[in-house]
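Down below is the structure, laid out as structure tokens.
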Amino acid sequence: MTADPFADVPEQHEAKRLLVAALGDGDAHAFLFHGPAGVGKTEAAFAFAGAQLGDPRRVLERTHPDLRVVEPLGDMIRIDIIRELHHDLHLRPFEAERRVYLLLSAHLLNDDAADALLKDLEEPPLYATIVLVADELGPIPETIRSRCQLVPFRRLSERAVREWLTRHAPELGEAEATAVARVAGGRLDRARRLLDPAVRERRAALIAAARGPYLDPEFEPADASRALLDAVALQGATAKDLEEAVVAGLDLTPREAEQRIKRVQRGAEREEMLAQLDELAAWYRDLVVVASGAEPATIHADRLDDLRADVALDLGRGPERAAALVRQSWRSAEEFNVNTGLWLDALFVQLRRAFA
């Protein structure tokens, strides 16, 4: 085992300090890693398990007999999975001195599953360590939070993302690397997504859709929303194909396999939509930034010439209103569960009006 089990997890100094202390004293038996997706929570969870079991390689391969990884099959973690964990929890370690349980996507616990898990968190066996990994704290009941040591994870700094890009995409030019790091918003999963050549093409289409409401006299909201929807569908299909290959090697029933594939596909589609909306809002925000003379703070550092040309059109308060519309639109769509196509059409109609 390396001297620092968390050496491959970028930044996250507070989380690492807590975990190193936990490895030293061994008093806590339940942990809740929480923070945005793509910032190193899952990597840290496996590193923590590897340090506890003394075999990082087999933990990463998920082949250690004293490691159990629990993941949702469908859109939530149901009580039957927690019942299986409960049964396994009371088996003595096979090889190591401990058993480690990683409960991924813990924010998807349904109420019955959360109630069942609470019983195990209240009196876990002395040899057991339970680690919950959640993208959101809100859905986790307070009764579960209070029985876990909370380990917070933050969005990464631009510097950390740039360092990751230097290692994984050294061919990027300075302006493009800056843009990728800033569009990623402190998340390595989004930075990785933006390196995909197909995503780069879709990003160009997204920016064209963002500029359409104020540049194109013949702008059609349906065409702009179609560009976003096509990207979402493509990302979902790609995730589905990849997950089907993974599921083929697992011992799952046909129904379990179907649920898992659907969850991954829907998750990829949702994440793609969120990423596109974040960048859409960022484009309008950049128009405000450039107009105010703060060019070094632009997110789209690789499109400064376009931003300058657009600002020269004297768009008034349109960019400011447009950014607010995009940010509000997703909250409304999630709250009211509206049809995605109709909602996007309506958003681009509103954006057109914002620049009228």
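Of the helices (runs of 4 or more DSSP H) entirely within segment 242-356, those holding at least 1 residues that are over 17 Å from P221 (Cα atoms) and in contact with a helix residue (DSSP H, G or I) (Cβ under 9 Å, 6 or more places away or on another chain) occupy 254-291, 304-311, 318-336. In this entry, G50 is excluded by the filter for residues that are within 23 Å of I261 (Cβ to Cβ) and not polar (S, T, N, Q). Pairing residues of segment 261-289 that are free of Cβ contacts under 8 Å to residues at least 12 places away in the same chain and more than 18 Å from T340 (Cα to Cα) with residues that are assigned to a helix (DSSP H, G or I) and among the acidic types (D, E), at Cβ distances under 8 Å and at least 6 apart in sequence or on separate chains, gives V289/E295. Among the numbered conditions (1) surrounded by 15 or more Cβ atoms within 10 Å (Cβ to Cβ); (2) farther than 30 Å from L104 by Cβ; (3) polar (S, T, N, Q), the only one that Q259 does not meet is (2).
Scanning segment 145-172 for residues that are touching a residue at least 40 places away in the same chain (Cβ under 8 Å) and farther than 19 Å from P36 by Cβ, we see that the one that is surrounded by the fewest Cβ atoms within 10 Å (Cβ to Cβ) is Q149. Please go through segment 49-66 and give me each residue that is closer than 18 Å to H29 by Cβ and of a type in the set (S, T, N, Q), ordered by number. The one that is closer than 18 Å to H29 by Cβ and of a type in the set (S, T, N, Q): Q52.
The criterion of at least 2 residues that are surrounded by fewer than 23 Cβ atoms within 10 Å (Cβ to Cβ) and without any contact (Cβ under 8 Å) to a residue 60 or more places away in the chain is met, among strands (runs of 3 or more DSSP E) falling completely within segment 12-107, by 67-70. Selection of helices (runs of 4 or more DSSP H) fully inside segment 168-235 by the criterion of at least 3 residues being in contact with a Pro (Cβ under 9 Å, 6 or more places away or on another chain) returns 197-215.
Here, each number is a calculation from the coordinates, and none is a lab measurement. Because the structure is predicted, anything quoted here is derived from the model rather than measured. Note: ideal-geometry Cβ built from the backbone for every residue, glycine included; neighbour counts use all protein chains shown.
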